[in-house]
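Before any comments, here is the structure.
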């Protein structure tokens, strides 16, 4: 099975059913998404078109000039059996069946039919009723979302096509990298369990985000999830614990859901981190994929604004972390460099102060303090604020607002040296702020709010604790 | 007191203490923020400078050529008494004291001194240790954040300077309008209670967001909050319910916090909506400021993706809303226009379908259905997705991807006609998507995730219920 998923995520050539020159169909969007980036050959099959957006079209899969190793199908539901047989005859034994209209709308027989065709020809497939896959390491995006996040360590496995691709713009906005995303849809053949097994040994994946509406193979899921989560953190979002959620899930991917508390107990037993919404799912994986695990729960908070310091401290304690009062020595050391109105007990509110203190000196003191296990940073004001004051736009980062790349590099090497997690946040800095982009591009997440950074820190601590407990 | 706050938020001319030609100080940033937009005269006072960023400087407040009616002070703490006296002598009886270093760092006597000077001269002031104010209707931003959200109905009252201004970029990103933002800091004179009383009758304010780290005048707060919240919804974020949060708050604004459950009971008794983080605070106010209140809890969900439909349904039920199965008639009406793979029970998953169905026909059916009280919409794919498929950037909205302004206008007029709340969400559409901007600019909030829209809908229903119960 590991080889099957590896094949599907790394095809050498693709046969595509369901693209046309009508932009307003799913199939065409997905086809364009593939040909815009993928380096391998793509062979569209269509009975009438000669070319689709510049790509030569073949009337039948028999006509294609090489042995393609993956078929992608976005066809009217009733045509799937016929074309799946043609693929089998042509020796193509990997497929992604994107078309919906099977078990999730009550057509159980039709779904059974494609399963039996696949068995006959040895075809292994994702779907039906899925959105396909994204492999950043292969520049291959078969989904309908034309955003291509950069390479990274997070892989997504999702019963919903939505969550396998709609968050891509969010990944890009937050400078997050992705490894692979796999939408399993109705799981008629390959399912969530198979995907977890595949990702267990995938060297490009260090963290796994899972979205489910129900688990089909309970025993197998628990066995695999328990094993994999010891090596790689798994964050899971479960929708289906309410009547309406369950109903929606069933008509969506024909998933069989169960009571929330049962699923919750399963997740706990398997060492999974539970997310309660899609933002949590990616907030948590972003931290887990990029940061070393903290040795304990004691967090140091650095802020340039008191309110954010207070909400971070409050959130940390609500989430089970500690924000200890720093030792007299540490306080003295900070006091010697900070303005008199600064707060130094923890949170450390530097107020307005030199960039060097904020980005290097204060983090250094906390990183080397053995009574601190992780650091939260709020602020990150670089040049853009000052540019706006002056109504300027063309000022370079170096030497402006006192922030230099050297300074940020110094912080990055301190983080590496002391191996403690650092999570940043800002209401103001987005990727258009050079400092924020620099952090994100060097694996320090920058959350859009101080509470979200604090919750992600709590999850790092939780996973660290879970792994220790189960090792 | 109402007049006092009105004066401070609508000055005719300002005296500014603490700006210089050094961009890297708070005072200078705040000064630039004011002069960049404010139409009234601003008189900077400085002993040595002749001009500050092009504005003529006066050596003393005695020298200014007109009767300014507001003094803003960003001076070293110890200088405040002296200059406050000079303002008093010059007849300026409104002030914003931004400088920190008073009660919050233990300097109780110094704070008492400025209070007694103010009393002597009849000066009423905000602060000390605050960030000042923003009044969108006056183009006046005295804060340090150089972002100026458009005019709207939300007013902010905050003990933290951070939350009175750091969220401004967030307001702009989400197309949210603001009325006024007031940072009260240490509340040595004007406090939260005064601000609520002022906003009660302020015609530019229809919704109030409050951030507190503790309440100083408990009885008065309860009396006023109870009264105001019957007229205008108040959403409140309280930080201080944990040991670390309380400690941070105390050193931040010298606030006296109390146990979380006590504050929670107070909020409930006063009819306040509680937010647990800053995103909730603004998610909720954004809905309350823009939407009619639902008559009940029954929500219709329209989505172009099943996963988002499922999380909205799940979140709604977790938050106490209902997602009822639609009547046979309503389902039939939808089935007659939607593709066969669409789901029509509720959530309504249109899958990929015409823009007219998504934006007009389906909303219309739900808006006129008497068994539905409010609508959640997920999707909002306009032209930008298609542009990306084609690697184009210069396509006009009209007639592209089937979405036209006329269509959106039709939806807006349906919303107006049926007076039901509509909240939208999308992972993909931000303001750079024309459809999203059009929604936001016409008072339909577009949340960055389906769960956040669902939670905001629950708050609309909660406030509707609270108001009914207490009327």
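Using a Förster radius of 51 Å, what is the FRET efficiency between residue B:325 and residue A:222 based on their Cβ-Cβ separation? Nearest 0.05, please. Don't jump to the answer; show the numbers that get you there.
On the way: r = 33 Å, r/R0 = 0.64.
The computed FRET efficiency comes out at 0.95.
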Can you list the copy-to-copy distances for residue B:12, using a point 7 angstrom from Cα toward Cβ, in nanometres, shortest first? 8.5
Using bins 5 angstrom wide from zero, how does P(r) for segment B:160-224 break down, in % of all Cα pairs? 3, 15, 25, 25, 18, 9, 4, 0
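Please give the calculated 222 nm ellipticity per residue for chain B, where each DSSP H segment of at least 4 residues contributes -39500 (n - 2.57) and the sum is spread over every residue; nearest 500 deg cm²/dmol?
-12000 deg cm²/dmol
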Quick one: grab Rg to one decimal and Dmax as a whole number for segment B:331-388, Cα atoms only, in Å. 12.0, 40
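Roughly what % of DSSP beta bridges within chain B run antiparallel, to the nearest 5?
Numbers: 9 of 57 bridges.
Bridges in chain B are about 15 percent antiparallel.
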Under the convention of a label 7 Å out along Cα→Cβ, give the distances in nm from residue B:332 to the same position in every other copy, shortest first. 8.5
Rounded to the nearest 10 degrees, the helix A:80-89 long axis (Cα) sits at an angle to the longest Cα principal axis of chain A of 80 degrees
With an 8 Å Cα cut-off and a minimum separation of 6 or more residues, compute the relative contact order for chain A in percent. 11 percent
Exposure proxy order (Cβ contacts within 10 Å, fewest to most) of B:282, B:171: B:171, B:282
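Output the relative contact order of segment B:122-257, whole-number percent, from Cα pairs under 8 angstrom with separation of 6+ residues.
Details: 289 pairs, mean separation 33.5, N = 136.
It comes to 25 percent, rounded to a whole number.
Per the Cauchy relation, a quarter of the hull surface: what is the mean projected area of the convex hull of the alpha carbons in segment B:215-331, in nm²? Mind showing how you got there, number by number?
Details: hull surface 39.6 nm².
Seen from a random direction, the Cα hull of segment B:215-331 projects 9.9 nm² on average.
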What's the percent breakdown of Cα-Cα distances in segment A:2-126 across 10 Å bins, shortest bin first? 13, 46, 34, 6
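Would you mind getting me the FRET efficiency between residue A:416 and residue A:60? Use the beta-carbon distance for r and R0 = 41 Å, nearest 0.05.
Efficiency, rounded to the nearest 0.05: 0.15.
Within 10 Å of each Cβ in peptide B:160-172, how many partner chain Cβ atoms are there on average? Round it to a whole number, please. Let's see the in-between values first.
Values: counts 7, 3, 13, 6, 1, 4, 10, 3, 2, 8, 5, 0, 0.
Mean number of neighbouring Cβ atoms from other chains: 5.
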Between residue B:269 and residue B:139, what is the spin-label point distance in nm, taking each point 7 Å from the Cα along the Cα→C-beta axis? 4.6 nm
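Let me know the mean shielding of A:235-246 by other chains, meaning the per-residue number of their Cβ atoms within 10 Å of its Cβ.
Values: counts 0, 0, 4, 1, 10, 3, 3, 9, 5, 19, 12, 4.
Taking all residues of A:235-246 together, the mean is 6.
Sort A:280, A:213 by Cβ crowding within 10 Å, fewest neighbours at the top. Spell out each step's value before the answer.
Values: A:280 20, A:213 27.
In order of increasing Cβ crowding within 10 Å: A:280, A:213.
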Label-point separation, residue B:41 to residue B:22 (7 Å along Cα→Cβ), nm: 2.9 nm
Give me the Kirkwood hydrodynamic radius of segment A:1-67, using the inverse of the mean 1/r over all pairs of distinct Cα atoms, in Å to one decimal. 12.6 Å
quick note, segment B:299-470, DSSP beta bridge pairs, % antiparallel (nearest 5) is 15 percent
P(r) weight above 37 Å for chain B, C-alpha pairs, percent: 35 percent
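How much of the DSSP bridge set in segment B:2-126 is antiparallel, in percent, rounded to the nearest 5? Present the calculation step by step, with values, prior to reporting the outcome.
Details: 2 of 18 bridges.
About 10 percent, rounded to the nearest 5.
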Under the 7 Å Cα-to-Cβ spin-label approximation, residue B:151 and residue B:276 lie apart by a distance in nanometres of 3.8 nm
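Regarding segment B:133-290, what's the average projected area of the Cα-atom convex hull, expressed in nm²?
Working: hull surface 33.1 nm².
Directional mean of the projected Cα hull area for segment B:133-290 stands at 8.3 nm².
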Within segment A:78-115, the residues whose backbone N lies under 14 Å from a label point placed 7 Å from the Cα of residue A:7 along the Cα-to-Cβ direction are A:87-96
Binned at 5 Å starting from 0, the alpha-carbon pair-distance distribution of segment B:299-470 in whole percents comes out as 1, 9, 18, 22, 22, 15, 8, 4, 1, 0, 0, 0
Taking 2.2 N^0.38 Å as the expected size of a compact globular protein, what ratio does the Cα radius of gyration of segment A:409-461 give against it, to two decimals? 1.13
Which order results if A:217, B:470 are arranged by neighbouring Cβ count within 10 Å, fewest first? B:470, A:217
I need the inter-copy label distances for residue A:48: point set 7 Å along Cα to C-beta, values in nm with one decimal, smallest first. 8.1
Stokes-Einstein diffusion coefficient of segment A:142-184, Kirkwood radius over Cα pairs, 20 °C, 1.002 mPa s, in µm²/s: 211 µm²/s
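Take the Cα radius of gyration of the protein assembly as shown and divide it by 2.2 N^0.38 Å, with N its residue count; two decimals is plenty. Walk me through the numbers on the way to the answer.
Working: Rg = 29.1 Å, N = 942, 2.2 N^0.38 = 29.7 Å.
In units of the 2.2 N^0.38 Å rule of thumb, it is 0.98.
Counting only C-alpha contacts under 8 Å and six or more residues apart, can you give the relative contact order of segment A:2-126 as a whole percent? Each step should come with its number before you reach the end.
Numbers: 205 pairs, mean separation 29.6, N = 125.
Relative contact order for segment A:2-126 comes out at 24 percent.
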Considering segment B:62-148, what Rg and Dmax in Å follow from its alpha-carbon atoms? 13.3, 38
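No lab work stands behind these numbers, since they all come straight from the coordinates. These numbers come from a predicted model, not from an experiment. Positions of Cβ are backbone-derived with ideal geometry, glycine not excepted, and every protein chain shown enters the neighbour counts.
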